[in-house]
Amino acid sequence: MNKIKKMIKNERGMTLIELLAVIVIIAIIALIAIPAIGNIINNSKDKAILADASQIISGAKIAFADGGCNSATVCKGTELENYVEGEGITLTDDTTVTKTEEGYTIVYPGFGGFKGKYQGKIPESNSITSKDLAELMGNKEVKADK
């Protein structure tokens, strides 16, 4: 029992240099991890914007087929409200889907919110074709939309 008491009594804490070394290591890990986490968050927000645009195009296809648009070639965002479901998707008259011979073109103000790897991939007009949108989303085999 005396041996155990002596061992406990002789046990010392960490030195100041050891504590500083641990703090430096934690700081280095934080410097590496924080930007990586920020990029992951920005890229997921960008992918959500692309998914919203894809959902708007899908809703527009149904609206065109159902006669829900006032025009045979252009469907405004407010006309799509009954055809597009999803939280966070804001449909205004600034959002339009145009039906052409080549497919569909969407003008979506949400494209201006890119902060990750998709920033600068869409023109300042916030307009993109459904084929280019599918390629951005990683769908390489895209059938022509008609």
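Values as computed for the structure displayed
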quantity	calculated
Top-ranked residue in the range 60-80 [being touching a strand residue (DSSP E or B) at 6+ places or on another chain (Cβ under 8 Å), modelled with pLDDT under 90 and among the small types (Gly, Ala, Ser); ranked as surrounded by the fewest Cβ atoms within 10 Å (Cβ to Cβ)]	ALA72
Number of the condition not met by LEU20 [criteria: (1) out of contact with any Leu (no Cβ under 8 Å at 6 or more places or on another chain); (2) outside any helix (DSSP H, G or I); (3) surrounded by 10 or more Cβ atoms within 10 Å (Cβ to Cβ)]	(2)
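The values are calculated or read from the model by the stated rules, or taken from the named source; none is laboratory data. Predicted model only: the values in this text are computed from it and were never measured. Glycine gets a Cβ as well: all are built from the backbone with ideal geometry, and neighbour counts include every protein chain shown.
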